[in-house]
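Q: Mind having a look at this structure? Questions to follow.
A short reminder: the numbers here are calculations on the coordinates, not readings from a lab. Every value quoted in this text rests on a predicted model; they were computed, and no experiment measured them. Neighbour counts run over all protein chains shown; Cβ positions are idealised from the backbone, glycine included.
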Amino acid sequence: MKKKILRFLLLGFLGLLALLAVLAALLGYFVYTPEPVPPQLSGTLSKAAIDVGGATRRYRTYVPKGLPNGAPLVVVMHGSGEDAQRIRMGTGYGFERLADLHGFAVAYPKSFGFSWNDCSVIGDIQVNGVSADDASFVAAMVDKLVGELGIDPARVFATGVSSGGSMAIRLALEHPGRYRAVAAVAANLPAPQNFQCRPEVPGTSVMIMNGTRDPLVPYDGGEINLLGLFYQGGPVISSRASAQYFADWNRLGGAPQVSQADAGEGVGVEQARWRNEGRTEVELVSIHGGGHGLPQAFAKRPRLLGPSPMKPDGPAMIWDFFARQAR
């Protein structure tokens with residue numbers, strides 16, 4: 001009898017080990033991605049902090065060697081649960097590579113909570129009873145860098161991925177005079193019942209870059225979640241409706257100009273642009289066959305977040321959009 005019990009316990013233990021091995025393999029397959037190799041860059045990566053609203057807020061900067069006075073600044077905001085280093089790797093260090101080529105500074109602010117307090121009602125975040133004021137923090141960081149680095153205040157741009165993309169949308173709506181253009185990646189505008197921003201007078205050009213197979217932020221609108229369990233973000237409208245909202249907000253009438261390109265490996269790129277003779281522009285970049293993240297050639301995203309195309313060059317497309325607005 002004792003031998004049977006021991007044999008049963010042994011079989012149960014071995015079964016548990018096998019189950020754990022399978023779960024570990026699945027976790028590795030769907031979640032693990034190798035880190036990109038850091039490029040050889042000319043400039044300096046620094047850490048800094050600033051006190052805003054009684055809280056110490058942290059950020060990183062990348063400044064290319066010989067940055068001229070009056071250079072642009074690109075603010076890059078991370079996704080939920082991430083930080084400056086994760087968004088640097090998640091973008092394949094793309095904005096730093098471009099900064100060396102085109103002569104602009106890069107800033108990576110850190111959100112107050114797990115996510116940024118964006119335009120969604122669920123984005124009204126508190127930490128230890130203190131409400132987040134991420135917009136004021138980013139504004140204070142920009143003002144500080146304008147003074148320290150001699151940045152041109154008329155050429156400040158902001159972009160972000162996922163929660164960072166949603167924060168870029170808030171900066172465009174509520175601080176249009178501070179950011180010449182923004183680019184929101186893997187983000188849509190909150191649905192009316194989930195919308196808490198107070199849009200100001202328009203004046204910011206907006207790019208939205210989304211994958212049609214994003215399992216977290218639905219391209220065609222709906223609830224933000226992962227597998228119905230994680231990252232509950234409330235309802236959003238579709239990518240096309242989001243772009244049309246900004247076109248209407250910027251008073252860009254008429255149908256957009258649409259172009260399409262084949263990026264290879266079953267991925268297509270569709271660009272819809274709303275323009276007029278003014279200074280503002282709205283562009284929707286639809287990555288047909290793309291998942292949740294910024295496409296680029298140096299870093300794959302977890303399979304759990306959908307397809308991870310290596311083309312097009314997302315950071316370069318964003319910088320091209322920003323550079324057009326600065327003319």
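Q: Could I have the simple spin-label model distance between Glu277 and Leu226, label points 7 Å from Cα toward Cβ, reported in nm to one decimal?
A: Label-label distance for Glu277 and Leu226, simple model: 4.9 nm.
Q: What distance in nm lies between label points placed 7 Å from Cα along the C-beta direction at Ala49 and Asn69?
A: 3.2
Q: I would also like to ask the following. What does the highest-first list of 56-69, 92-105 look like by mean Cβ count within 10 Å?
A: 92-105, 56-69
Q: Under 1.5 on a/c is rounded, so check that first for segment 285-327, then, if it is not, pick prolate when a/b is larger than b/c and oblate when it is not; a ≥ b ≥ c are the square roots of the alpha carbon gyration tensor eigenvalues.
A: prolate
Q: Calculate, in nm to one decimal, what Gln196 and Asp143 gain on full extension: separation in residues at 0.36 nm each, minus their alpha carbon distance.
A: Full extension from Gln196 to Asp143 adds 16.5 nm.
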